[in-house]
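Asks: Would you mind keeping the following structure in view while I ask a few things?
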Amino acid sequence: MKTLRFVFSVILFAYPCFSCGHTSGTTPGIDQPKVIRFLKYKYIDQQGTGLEAFSFLMPSDWAFEGGMTWILDNPVMPSVTAFRVFNPKGKDEFEVFENQSYFWTSNLQLLGMFPPGTKYFGSVVKKPLTAQKALRNIILTGQRGQYTDLKVLKDEDLPRLPQALNAGKQAQGYGTSGASGANLRVSYTKNGVPMEEEFYAVVEQFTFPVRGMFGTTYNTMWFVDYIFSFKGEKGEVENSARIFQTIISSFKLNPKWYARYSNVIEYLAQQQIRQIQSVGELSRMLSRVSDQISDEKMQQFEARGEVYDKVSQKFSDNTLGIDRYYDPHEGREVELPAGYNHAWSNNNGEYIVSDNPNFNPNVGSGLQWEPMERK
């Protein structure tokens, strides 16, 4: 389900703490902020559907940059997302990268027509790599190769990452499939500032037989997805771990957007993968695509969401420290950083946590803040 690739990069952020050693509660030797204010950020897919695609909580003084791009020459992945959520006054940043789509074949005649480096139905022709090699040779080189003093501090295989995501199981009786996961921690100098960054990614591949006049050959579709990183100034990366986890835990994908996306994939296949040349044509096509989703696809959507929720809850509550509160305005549970004794919400979808018993957000505010009960 390529529809969800950008989300899952985010949801599985809980894994970094196995390497950083951060635990719940207050980190020894680090002064925690007295008050953190979160607001709900809603991303609208302006280029394509015009719908809200996803939402999440972020600190009110942080910024969002990036978004969604429709690339209809690739029928298996017609939309990709890349964004970052960052502190404008510091170096802390969480980033999601565009998924990468590749194709390989044992058909030498086909390789002669589409040699490595060219595109075959929107996917780059390239021999499959493991997640570790993809992180080093594709993501790190492409995203951070311009920085000085670039060093790899850690390079790990993470088999539990694709397992937790139930990734690499597309075959279902036809062909073979599999997945690998990896973690890469690096240091470098950016604008004179020493930085550390930790990357995560999964490589999924699906190989299937193709019978022709001269025998059977094998085609492989493979993807580098769930690609994300968190970064900060050297020695301070872990300080914002609980803020990142709040962003992750609150991330919600809009099922109506997902329905449009899924139906676009079917539309492209039915139209023999005709590339739509202009945004105007794209908008008209998307306006004709239904918001409705089949029962089977909705079950897949909800089942995958349950997997993410379970993984996120299992690791975030125990590893990073997340407290769950009941939001009376939205009538639902919300996850906020642990270690704070008080939390409030307002009807604008904003939240405040504080460990100061004398702090009252209603003082000097034109908004109505209501205290929330911890669950």
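Readers should treat all values here as calculations from the given coordinates under stated rules, not as data from a laboratory. Computed from a prediction, not measured in an experiment: that's the story for all the values here. Every residue, glycine as well, gets a Cβ built from its backbone with ideal geometry; the counts of neighbours run over all protein chains shown.
Asks: State, to one decimal in nm, how far the label point of Glu266 lies from the label point of Met113, with both points 7 Å from Cα in the Cβ direction.
Replies: Computed distance between label sites Glu266 and Met113 equals 2.9 nm.
Asks: Can you tell me, using C-alpha contacts under 8 Å and at least 6 residues apart, the relative contact order of region 37-139 as a whole percent?
Replies: The normalised contact order for region 37-139 reaches 16 percent.
Asks: Lys/Arg Cβ at +1, Asp/Glu Cβ at -1, dipole of region 94-235 taken about the Cα centre: which of Ser187, Val203, Phe94 is farthest positive-ward?
Replies: Looking along the dipole axis, the top candidate is Val203.
Asks: If you don't mind, another one. What is the magnitude of the charge dipole of region 94-235 about its Cα centre, with +1 placed on the Cβ of each Lys and Arg, -1 on the Cβ of each Asp and Glu, and no other charges, expressed in debye to the nearest 20?
Replies: On the way: 15 positive and 12 negative charges, 69 e Å.
Taking the Cα centre of region 94-235 as origin, the dipole is about 340 debye.
Asks: Same structure, new question: Report the percentage of all Cα-Cα pairs in region 94-235 whose separation exceeds 19 Å, rounded to a whole percent.
Replies: Values: 5642 of 10011 pairs.
Value for region 94-235: 56 percent of Cα pairs lie more than 19 Å apart.
Asks: Could I get the Rg over Rh figure for region 201-259? Both from C-alpha atoms, Rh via Kirkwood, rounded to two places.
Replies: On the way: Rg = 20.3 Å, Rh = 16.0 Å.
Here the Rg-to-Rh quotient is 1.27.
Asks: What is the extension gain from Phe121 to Lys40, computed as 0.36 nm multiplied by their sequence separation minus the C-alpha to C-alpha distance, in nm to one decimal?
Replies: Values: separation 81, 0.36 × 81 = 29.16 nm, distance 3.75 nm.
Once the chain is fully extended between Phe121 and Lys40, it gains 25.4 nm.
Asks: Would you work out the charge dipole size for region 320-374 about its Cα centre, treating the Cβ of every Lys and Arg as +1 and the Cβ of every Asp and Glu as -1, and quote it to the nearest 20 debye? Provide the component values of the computation, followed by the final result.
Replies: On the way: 3 positive and 9 negative charges, 15 e Å.
Its charge dipole is roughly 80 debye.
Asks: Let me ask another. Hey, could you pull the Cα Rg and Dmax for region 320-374, both in Å?
Replies: Cα-based Rg and Dmax for region 320-374 come out at 10.8, 33 Å.
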